[in-house]
Amino acid sequence: MSYRTYQKRTAALASAAALAGSAVLMAAPAARADVVDVNYQCKTPIGDKSAVSPIDIRSVKDGSGYRLTMTFEKGVSSSPVELGKGAMNPSAVIRLGGADSGTVPVKGPANPEAIPANTPIKITDLTGTYTPKKTGKVTFTAGVLTIGALGTTTTCTPSNSPGPSLTLDVTASGGGTTGSSQDAAAGDGELPRTGPEDSAIALGTFGGTVLLAGAAGVLWLTRRNQARG
């Protein structure tokens, strides 16, 4: 292959790769997010309470998974006494649906400011990480909210069967089996074949290994004969 032909082939491959990358980016589906009203029924140390809060769940790709953020637009439940700064610690679960199942735990920082008595408790943003176990369209729906404060626990459960606040098209982590198949083939002594040039390099390396092994064998035989003599 002439140098000019090699240049043309390299340029063509680069262009094809660029077009393929653009096609993948254009085809990647966007996440769909909705703000959903969730009617929480709360079991508190002083009795039952209820509150409705719009819930927003957002996602950011993070390696092989997604960083989820759950936001409460209105306060939930209340306390008969003031909750000092840092006295309230929230956590929740996000329920998975569609192609995947289970829950994702999320939690947030303690309240940054004091919460006056008998006022709705503003929940800080809750975050957690979701790693796909299945491939397909996955929904994310607000689940049980837990509020810890002053040594007590309040549990708030959605009672209105809220719809998903987020829908994502995901791919299961772990990748495919192409790499494993190639490694198995290489382990069986078969050289990888990705192109004429690569094959030539691989054969050259293989030939050098055989040559070194042959030289070592000759040296061993020579020393053995000398020892016998």
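The values are calculated or read from the model by the stated rules, or taken from the named source; none is laboratory data. Note that the structure is a prediction, hence the values are computed from the model and not measured. Here the Cβ is made from the backbone with ideal geometry for all residues, glycine too, and neighbour counts use every protein chain on show. Surface areas here come from the heavy atoms of the whole protein model, side chains and all, with no ligands, DNA or RNA. Shrake-Rupley method; radii C 1.70, N 1.55, O 1.52, S 1.80 Å.
Kindly evaluate Asp62 against the criterion of being among the charged types (D, E, K, R), in contact (Cβ under 8 Å) with a residue 24 or more places away in the chain and open to solvent by less than 40 Å² (accessible area, probe 1.4 Å). Please lay out each step first, then the result.
Values: among the charged types (D, E, K, R): yes; in contact (Cβ under 8 Å) with a residue 24 or more places away in the chain: yes; open to solvent by less than 40 Å² (accessible area, probe 1.4 Å): no.
No: the conditions fail for Asp62.
Cβ-Cβ below 8 Å, separation at least six or inter-chain, first residue in segment 105-132 and at negative phi, second among the β-branched types (Val, Ile, Thr) and in a loop (DSSP other than H, G, I, E, B): which pairs?
Gly108/Ile123; Gly108/Thr124; Pro109/Thr124; Ala110/Thr124; Asn111/Thr124; Pro112/Thr124; Ala117/Val81; Pro132/Thr171
Would a scan of segment 72-87 turn up a residue that is surrounded by 16 or more Cβ atoms within 10 Å (Cβ to Cβ) and either free of Cβ contacts under 8 Å to residues at least 12 places away in the same chain or touching an Asp or Glu at 6+ places or on another chain (Cβ under 7 Å) (or both)?
Checked against the condition, which is being surrounded by 16 or more Cβ atoms within 10 Å (Cβ to Cβ) and either free of Cβ contacts under 8 Å to residues at least 12 places away in the same chain or touching an Asp or Glu at 6+ places or on another chain (Cβ under 7 Å) (or both), segment 72-87 yields no hits at all.
Scan segment 133-143 residue by residue and report those that are open to solvent by 50 Å² or more (accessible area, probe 1.4 Å) and either without any contact (Cβ under 8 Å) to a residue 40 or more places away in the chain or among the hydrophobic types (A, V, I, L, M, F, W, C) (or both).
Let us first name the residues in segment 133-143 that are open to solvent by 50 Å² or more (accessible area, probe 1.4 Å), namely 133-135, 137.
Matches in segment 133-143: Lys134, Thr135, Lys137.
Could you tell me whether segment 144-152 includes any residue that is in a loop (DSSP other than H, G, I, E, B) and either surrounded by fewer than 19 Cβ atoms within 10 Å (Cβ to Cβ) or over 17 Å from the mean Cα position of the chain (by Cα) (or both)?
Let us first name the residues in segment 144-152 that are in a loop (DSSP other than H, G, I, E, B), namely 150-151.
Filter once more, so that each one left must be either surrounded by fewer than 19 Cβ atoms within 10 Å (Cβ to Cβ) or over 17 Å from the mean Cα position of the chain (by Cα) (or both): 150-151.
Within segment 144-152 (the criterion being in a loop (DSSP other than H, G, I, E, B) and either surrounded by fewer than 19 Cβ atoms within 10 Å (Cβ to Cβ) or over 17 Å from the mean Cα position of the chain (by Cα) (or both)), the answer is yes, since at least one residue qualifies.
Based on what the data block shows, is Thr127 open to solvent by 70 Å² or more (accessible area, probe 1.4 Å), within 26 Å of the chain's Cα centre (by Cα), closer than 22 Å to Asp169 by Cα and modelled with pLDDT of 95 or more?
On the way: open to solvent by 70 Å² or more (accessible area, probe 1.4 Å): no; within 26 Å of the chain's Cα centre (by Cα): yes; closer than 22 Å to Asp169 by Cα: yes; modelled with pLDDT of 95 or more: yes.
Judged against the criteria, Thr127 is not a match.
Please work out if Pro112 is assigned to a loop (DSSP other than H, G, I, E, B) and over 28 Å from the mean Cα position of the chain (by Cα).
Spelling it out, Pro112 is indeed assigned to a loop (DSSP other than H, G, I, E, B) and over 28 Å from the mean Cα position of the chain (by Cα).
Tell me, which residue of segment 44-59 that is among the β-branched types (Val, Ile, Thr) and open to solvent by 40 Å² or more (accessible area, probe 1.4 Å) is modelled with the highest pLDDT? Break it down stepwise before answering.
The initial filter retains those residues of segment 44-59 that are among the β-branched types (Val, Ile, Thr), namely 44, 46, 52, 55, 57.
So of that shortlist, the ones also open to solvent by 40 Å² or more (accessible area, probe 1.4 Å) come out as 46, 52.
Numbers: Ile46: 86, Val52: 92.
Checking each candidate, the answer is Val52.
In the list Leu83, Leu96, which residue meets the criterion of being at pLDDT 95 or above and not hydroxyl-bearing (Ser, Thr, Tyr)? So that I can check it myself, show each step before the final result.
Working: Leu83 fails: at pLDDT 95 or above.
Going through Leu83, Leu96 in turn, just one is at pLDDT 95 or above and not hydroxyl-bearing (Ser, Thr, Tyr): Leu96.
What number goes with the only condition from (1) within 17 Å of Asp34 (Cβ to Cβ); (2) in contact (Cβ under 8 Å) with a residue 12 or more places away in the chain that Ser161 does not pass?
(2)
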